Amino acid sequence: MDKLLIAGGQKLQGRVKVSGAKNAALALIAAAVLAEGETVLENVPRIADVEVLLHILDDLGAKVSWLEENTLALNIPAAVGIATPYNLAKRLRASNLLLGPLLSRRGEAQVPLPGGCNIGTRPMDLHLKGLQALGAAIELEHGYVKASGSPQGNRVYLDFPSVGATENIMMAATRAQGITVIENVAKEPEIVDLANFLNAMGAKVRGAGTDLIKIEGVPELHGTRYSVIPDRIEAGTMMLAAAITGGNVVIQNVINRHLQPIIAKLQETGAQVIEGEGELQVIGTAEIKPTDIKTLPYPGFPTDMQSQMMALLSLSQGTSVIVETVFENRLQLGEELKRMGANIKVEGQTAVVIGVEKLYGAEVKACDLRSGAALVLAGLAAEGETSINQVHLIDRGYEKLEEKLRSLGADMRRISVD
Ligand code: EPZ
């Protein structure tokens, strides 16, 4: 197990390039299974979650090779396997995104029911309701979800705009008989990226990014070459690293419109955000202002940035209220920040953050990917040394995080502990 040691107090300065989006890359890798033959994906981040999904694809018979650092070639066989292995799939909830593609390609699919994870129970009821609407028979046995049948176009209404459920139903519908209309869908940029990728493979997907997606089934899809969008959550994390250290950082390789909810909130805290062409500059302020956060599906404030904002607001000049509406257990960071001197009270889905003058370095642990990233931000601003445990959770979703932050002046290093 590794630890990150951070000596706080450095103002971050310089330029940093954002990697490809984890939550787009995972969906696109799963979607590649829809077409026999070769697909090449560019701008794929080398992160643990991607490596696990590629290991699963390998297990299903796909040929996986890295052509360059971030360029991936996938060769999908005619008889791709239908059952994802538990020992790998349990490490990655997103492995459930193989349900739709495997059902479409082979008429059957088996994925492990997701275990609970730190941020909540994360059921799959909306995924399964959608696939059943497309005619799939669903069985739950021995901890597995088994789907079978040949998808037929239909109308599906999602009770909640679930990102994963939207993606699974979209993928299952691409080669269904007839037309599928999905209502109350997720509108995240990663959904639009998936739709663009599917259309590049020969699918007919319309409306991604709106509340309603319409898909006309086609007989076959073909491999393609496609570049993954930049990671808006990594960009947001870097923006807050500049803000929390009172630094001045240019974040490159971003799609500004994906960052509007984060830019708006960050400006409310007093940071300056200067937008350029595919990049933005963040200039932090010594007087961080409080603000209130309510996480919502896109285009609301993203739940994946909530922990990072809690770290920033811990140092504000007032009181902030954070309401987490998307996951039922995503405020645990409060307990770790309190060990660094923060003043936070968590009641159910609400955290009241009373700003303090300083945070102090401490031995802390990541509970999940984003609370781990938030502890890095807190460590960058804290007085003294912070030691972060469970760093493998951060490695799930951030490519070369230490390298990038050190290039901006952060005093941090990774040590291995047994
Ligand atoms: C995706 O997870 C992201 N992961 C998450 O990012 C992100 O936080 C989440 O969307 C919301 O934006 C990937 O894309 C790989 P949901 P997903 O289905 O698809 C409930 C990160 O840090 N729900 O939109 O699992 C669910 O329990 C990760 O990068 C059901 O009740 O999210 C949750 O409370 C964390 N039934 C809410 O909906 C279902 O069938 C949102 O889940 C599905 C979901």
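Listed by position, the helices (runs of 4 or more DSSP H) contained in segment 80-136 that have at least 3 residues being touching a residue at least 60 places away in the same chain (Cβ under 8 Å), away from the ligand (no atom under 13 Å from the Cβ) and within 17 Å of Val50 (Cα to Cα) form an empty set.
Among the residues of segment 45-67, is any closer than 18 Å to Arg396 by Cβ and among the small types (Gly, Ala, Ser)?
Yes: one or more hits.
Restricting the search to segment 305-337, which residues are among the polar types (S, T, N, Q) and over 16 Å from Ala243 (Cα atoms)? Passing the criteria: Thr319, Ser320, Thr325, Asn329, Gln332. Test Ala366 against the stated conditions and say whether it is in contact (Cβ under 8 Å) with a residue 60 or more places away in the chain, closer than 30 Å to Asn70 by Cβ and either of a type in the set (Ser, Thr, Tyr) or crowded, with 17+ Cβ neighbours inside 10 Å (or both). For Ala366, the condition - in contact (Cβ under 8 Å) with a residue 60 or more places away in the chain, closer than 30 Å to Asn70 by Cβ and either of a type in the set (Ser, Thr, Tyr) or crowded, with 17+ Cβ neighbours inside 10 Å (or both) - is not met. Can you find a residue in segment 142-155 that is assigned to a helix (DSSP H, G or I) and in contact (Cβ under 8 Å) with a residue 24 or more places away in the chain? Looking for residues that are assigned to a helix (DSSP H, G or I) and in contact (Cβ under 8 Å) with a residue 24 or more places away in the chain, one finds none in segment 142-155, hence no.
Among the residues making up segment 1-57, a single one is of a type in the set (Ser, Thr, Tyr) and under 30 Å from Gly379 (Cβ atoms): Ser19.
Any residue at all in segment 42-62 that's more than 16 Å from the ligand (Cβ to nearest atom), part of a helix (DSSP H, G or I), in contact with a strand residue (DSSP E or B) (Cβ under 8 Å, 6 or more places away or on another chain) and not β-branched (Val, Ile, Thr)? Yes, segment 42-62 has at least one match.
If you go through segment 52-75 one residue at a time, how many are free of Cβ contacts under 8 Å to residues at least 12 places away in the same chain and under 17 Å from Leu102 (Cβ atoms)? The total comes to 2.
Taking the conditions (1) in a strand (DSSP E or B); (2) within 16 Å of the ligand (Cβ to nearest atom) in turn, Glu139 satisfies each one other than (2). Selection over segment 357-381 of residues that are acidic (Asp, Glu), in a loop (DSSP other than H, G, I, E, B) and under 19 Å from Lys3 (Cβ atoms) gives a count of 1.
Among residues of segment 67-98 being buried (at least 21 other Cβ atoms within 10 Å of the Cβ) and of a type outside the set (A, V, I, L, M), the one that is nearest to Ser162 (Cα to Cα) is Asn96. Whether a residue is buried (at least 24 other Cβ atoms within 10 Å of the Cβ) and not polar (S, T, N, Q) was assessed, and Ala24 passes this test. Output the residues belonging to segment 163-204 that are part of a loop (DSSP other than H, G, I, E, B), within 16 Å of the ligand (Cβ to nearest atom) and of a type in the set (D, E, K, R). Hits for segment 163-204 are Lys187, Glu188.
Here, each number is a calculation from the coordinates, and none is a lab measurement. Worth saying up front: this structure is predicted, and the values here are computed from it rather than measured. Don't worry about glycine lacking a Cβ; one is built from the backbone with ideal geometry, like all the others, and counts go over all protein chains shown.
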